[in-house]
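Peer 1: This is the structure I have questions about; it appears just below.
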Amino acid sequence: MSGLAFGPALMARLHELARFSDEPDRLTRLYLSPAHRRAMGQVAAWMTEAGMAVRIDAVGNVVGRYEASQPDAPAVLIGSHIDTVIDAGKYDGALGVLAGIAAVDALRRAGERLPVAIEVIAFGDEEGVRFPTTLTGSRTIAGTLAPGVLEARDADGVSLREALAAAGCNGDAFAGCARRPEDTLAYLEVHIEQGPVLEAENLPVGVVTAINGASRWRVEVTGEAGHAGTVPMALRRDALAAAAEMVLAVEREGRAMEDLVATVGQIEARPGAVNVVPGEVRFTLDLRAPSDAVRKAAGAVLDETFAAIAERRGVTLAIERFQDAAAVSCDPALIEQLTAAIERAGVAPRLLPSGAGHDAMALAALCPIAMLFVRCARGISHNPAEAISAADADLAVRVLLDFLRHAACDLRTS
């Protein structure tokens, strides 16, 4: 297929969907907000136009089903999310949903049915901005959503159950939305890379091997505050100097281990006066890697390093681990199928891990998963500067369509 068969129309729809915002001058579309509910309606309309039977489930997932050549066939799920962060870009999440709709529409226009059904799902609450939850939509489909989540409340005191009711959804029926593994063959998510690797290597798409596991720590270093002019350097118990050495150790460890990324994203020094030696410092640590063993090994090294720095500098150390999420591997057979589809498109395949979390993480509890990354400008995401090209969007749909056509028989008989 030559030319941009899908790109311009897909880009136009991405821009149209971005108009559904709760703020007039920037894209903010939080889960179950008025803008999110309007976006759900628009996505449902596009699914209907593409020949799908459409429903909105108990937690606000928009689900479109394109039946197989035989009734009651198991399904391949394609999806991503349509909620956003505050002041978002146009492509995070939305690309995967609209690319799936475009692929199904191409099958409809060709009068083509596959041996498997295709379901395109627009998930809600991937970002976890409005409520203190995340992956609500995809966890519901996977059957792993905890009932207590319905009691979560947003900053205005509105519970998730109440927000669902306002959107016309019966949150208490969420358990019935879980899919059976025997009815679900695979999940595929198309997503912008949210990183600079593909652009740096001049590649339009890549195949995800794994979604990084993540550990998050809060670290507190306590020394002794003192007068900046009167406490001699040799007698100081400077919490900030100790923390600075720890931060550099984090960077050093991140550089030393392949595929590990290590970040100190927040730091606070107290009392915070220009003429006072800092007596207390708090900082965060975010460790991620596609291998849990690598991530845990790095954490152990940093435990020992922080303790040694604290002892040498005469400060005390307290560490709280407040998140520990396991890595999720993509399915080797699906990776192979995606790689072959990219090669058939005349592009060199590139395998790479995902440093960010995705709905695919939740779906891995239900079925084999795969992800196709699409190059984004300068790797920028969660930002209005987020950008992709029509040519890359076009290629993503062509690869997705080719994958479905070639993989359908294998998935059906495996």
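The values are calculated or read from the model by the stated rules, or taken from the named source; none is laboratory data. The shown structure was predicted, so the numbers you read here are calculated from the model rather than taken from an experiment. No Cβ is skipped: glycine too gets one built from the backbone with ideal geometry, and neighbour counts run over all protein chains shown.
Peer 1: Is at least one residue of the range 365-374 in the same structural domain as Pro74 (by TED's automatic domain parsing), surrounded by fewer than 20 Cβ atoms within 10 Å (Cβ to Cβ) and more than 15 Å from Gln194 (Cα to Cα)?
Peer 2: Yes, that holds for at least one residue.
Peer 1: In addition: Which number in (1) in the same structural domain as Pro332 (by TED's automatic domain parsing); (2) touching a residue at least 60 places away in the same chain (Cβ under 8 Å) marks the one condition that Val261 misses?
Peer 2: Going through the list (1) in the same structural domain as Pro332 (by TED's automatic domain parsing); (2) touching a residue at least 60 places away in the same chain (Cβ under 8 Å), Val261 breaks only (1).
Peer 1: Six or more apart or on different chains, Cβ under 9 Å: which pairs go from a residue in the range 143-171 that's assigned to a loop (DSSP other than H, G, I, E, B) to one that's surrounded by fewer than 16 Cβ atoms within 10 Å (Cβ to Cβ) and among the basic types (Lys, Arg)? Could you list them?
Peer 2: Gly143/Arg180
Peer 1: Does the range 117-135 contain any residue that is more than 15 Å from Gly60 (Cα to Cα) and among the polar types (S, T, N, Q)?
Peer 2: No, that holds for no residue.
Peer 1: Restricting attention to the range 284-301, which residues are surrounded by fewer than 22 Cβ atoms within 10 Å (Cβ to Cβ) and of a type outside the set (Lys, Arg)?
Peer 2: To start, the set of residues in the range 284-301 that are surrounded by fewer than 22 Cβ atoms within 10 Å (Cβ to Cβ) comprises 284, 286, 291-294, 296-297, 299-301.
Passing the criteria: Thr284, Asp286, Ser291, Asp292, Ala293, Val294, Ala297, Gly299, Ala300, Val301.
Peer 1: Leu366 - would you say it is within 30 Å of Ile380 (Cα to Cα) and either modelled with pLDDT of 95 or more or among the polar types (S, T, N, Q) (or both)?
Peer 2: Numbers: within 30 Å of Ile380 (Cα to Cα): no; either modelled with pLDDT of 95 or more or among the polar types (S, T, N, Q) (or both): yes.
Answer is no for this residue.
Peer 1: Residues in the range 1-32 that are buried (at least 16 other Cβ atoms within 10 Å of the Cβ), more than 22 Å from the chain's Cα centre (by Cα) and at pLDDT 95 or above: how many? Full working, then the answer.
Peer 2: Pass one, the range 1-32, residues buried (at least 16 other Cβ atoms within 10 Å of the Cβ): 4, 6-7, 9-11, 13-14, 17-18, 20-22, 27-32.
If we keep only those that are more than 22 Å from the chain's Cα centre (by Cα) as well, we get 4, 6-7, 9.
Remaining after also requiring at pLDDT 95 or above: 6-7, 9.
Number satisfying all stated conditions: 3.
Peer 1: Among Ala241, Ala234, which is buried (at least 18 other Cβ atoms within 10 Å of the Cβ), assigned to a helix (DSSP H, G or I) and either of a type in the set (S, T, N, Q) or over 34 Å from the mean Cα position of the chain (by Cα) (or both)? Write out each step before concluding.
Peer 2: On the way: Ala234 fails: buried (at least 18 other Cβ atoms within 10 Å of the Cβ).
Only one candidate passes the filter, namely Ala241.
Peer 1: Next question, about the same structure. Give me the pairs, please: first residue somewhere in the range 222-249 and more than 30 Å from Leu260 (Cβ to Cβ) and not assigned by TED's automatic domain parsing to the domain that holds Glu304, second residue anywhere and of a type outside the set (S, T, N, Q) and assigned to a strand (DSSP E or B), beta-carbon distance under 6 Å, and either six or more positions apart or on two chains.
Peer 2: Taking only residues 6 or more apart or on different chains, not a single pair turns up.
Peer 1: Do we find that Gly89 is under 18 Å from the mean Cα position of the chain (by Cα) and not β-branched (Val, Ile, Thr) in this structure? Even if it seems obvious, please write down each step before you answer.
Peer 2: Details: under 18 Å from the mean Cα position of the chain (by Cα): yes; not β-branched (Val, Ile, Thr): yes.
Taking the combined requirement at face value, the residue satisfies it.
Peer 1: Taking the range 118-144, which residues are surrounded by 23 or more Cβ atoms within 10 Å (Cβ to Cβ) and among the aliphatic types (A, V, I, L, M)?
Peer 2: Correct list: Ile118, Val120, Ile121, Ala122, Leu135, Ile141, Ala142.
Peer 1: Right, another one. Within the set of pairs 6 or more residues apart or between chains, which connect a residue that is assigned to a helix (DSSP H, G or I) inside the range 40-58 to a residue that is surrounded by 17 or more Cβ atoms within 10 Å (Cβ to Cβ) and among the basic types (Lys, Arg) with Cβ atoms less than 8 Å apart?
Peer 2: Listed by first residue and then by second, the contacts come to Trp46/Arg13.
Peer 1: Among the residues of the range 120-175 satisfying the criterion of being at pLDDT 95 or above and among the polar types (S, T, N, Q), which is nearest to Tyr187 (Cα to Cα)?
Peer 2: Ranking the qualifying residues of the range 120-175, first place goes to Ser138.
Peer 1: Is it true that Arg65 is within 20 Å of Ile141 (Cβ to Cβ), of a type in the set (Lys, Arg), in a helix (DSSP H, G or I) and out of contact with any Pro (no Cβ under 8 Å at 6 or more places or on another chain)? Before you say what the answer is, go through the steps one by one.
Peer 2: Numbers: within 20 Å of Ile141 (Cβ to Cβ): yes; of a type in the set (Lys, Arg): yes; in a helix (DSSP H, G or I): no; out of contact with any Pro (no Cβ under 8 Å at 6 or more places or on another chain): yes.
No; evaluated as a whole, the condition is false for this residue.
Peer 1: A further question on this structure: Conditions: (1) surrounded by fewer than 24 Cβ atoms within 10 Å (Cβ to Cβ); (2) in contact with a Ser or Thr (Cβ under 9 Å, 6 or more places away or on another chain); (3) assigned to a helix (DSSP H, G or I). Ala99 meets all but one. Number of the miss?
Peer 2: Of (1) surrounded by fewer than 24 Cβ atoms within 10 Å (Cβ to Cβ); (2) in contact with a Ser or Thr (Cβ under 9 Å, 6 or more places away or on another chain); (3) assigned to a helix (DSSP H, G or I), only one is false for Ala99: (1).
Peer 1: Could you list, in sequence order, the residues of the range 146-193 that are touching a Phe, Trp or Tyr at 6+ places or on another chain (Cβ under 6 Å), aliphatic (A, V, I, L, M) and buried (at least 23 other Cβ atoms within 10 Å of the Cβ)?
Peer 2: Of everything in the range 146-193, those that are touching a Phe, Trp or Tyr at 6+ places or on another chain (Cβ under 6 Å), aliphatic (A, V, I, L, M) and buried (at least 23 other Cβ atoms within 10 Å of the Cβ) turn out to be Leu160, Ile192.
Peer 1: Of the residues Gly265, Gly229, which single one is over 30 Å from Val399 (Cβ atoms) and at pLDDT below 95? Reasoning before the result, please.
Peer 2: Numbers: Gly229 fails: at pLDDT below 95.
Just a single option satisfies the conditions, and that option is Gly265.
Peer 1: Condition test on Ala35, is it buried (at least 22 other Cβ atoms within 10 Å of the Cβ), assigned by TED's automatic domain parsing to the domain that holds Arg109 and over 17 Å from Leu77 (Cα atoms)? If you could, list the steps in order and put the result at the bottom.
Peer 2: Values: buried (at least 22 other Cβ atoms within 10 Å of the Cβ): no; assigned by TED's automatic domain parsing to the domain that holds Arg109: yes; over 17 Å from Leu77 (Cα atoms): yes.
Considered against the rule, which asks whether it is buried (at least 22 other Cβ atoms within 10 Å of the Cβ), assigned by TED's automatic domain parsing to the domain that holds Arg109 and over 17 Å from Leu77 (Cα atoms), Ala35 comes out as no.
Peer 1: Residues that are closer than 22 Å to Ala103 by Cβ and among the basic types (Lys, Arg): which helices (runs of 4 or more DSSP H) entirely in the range 275-370 hold 3 or more of them?
Peer 2: Of the helices (runs of 4 or more DSSP H) lying wholly inside the range 275-370, none has at least 3 residues that are closer than 22 Å to Ala103 by Cβ and among the basic types (Lys, Arg).
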